[in-house]
Amino acid sequence: MNESNKKPGRPRSLQSHQATLQATLELLAKVGFDAMSIEAIAARAGVGKTTIYRRYSCKEELVATESWRCYVRRALHLFLG
């Protein structure tokens, strides 16, 4: 990546992203979608709310995007081995 393509600020952390996804799955299973909040996800993941809001505008977008990614990964695994 050259200097003109760099985004301002710190790079996004893969570790924070993975912790957010894990916390989302755990909370969905424990309390369900309606009772789950971005605040609860952030607290469980050990990240700030802004870390989540940098990637997703709301919990609906977070769950929909990651559900689709999980589906695609599973389908590729089933079809490609």
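Below is a table of values for the structure above.
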read-out: Test: residue in the range 64-75 that is of a type in the set (S, T, N, Q) and at pLDDT 90 or above; value: no
read-out: Neighbours by Cβ (under 7 Å, 6+ apart or cross-chain): first from the range 56-68, aromatic (Phe, Trp, Tyr); second assigned to a helix (DSSP H, G or I) and surrounded by 11 or more Cβ atoms within 10 Å (Cβ to Cβ); value: Tyr56/Leu62; Tyr56/Thr65
read-out: Tally, over the range 17-71, of residues that are surrounded by 15 or more Cβ atoms within 10 Å (Cβ to Cβ) and not in a helix (DSSP H, G or I); value: 3
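The values are calculated or read from the model by the stated rules, or taken from the named source; none is laboratory data. Nothing here was measured: the structure is a model prediction, and the numbers come from that model. So basically every Cβ, Gly included, is an ideal-geometry build from the backbone, and we count neighbours across all protein chains shown.
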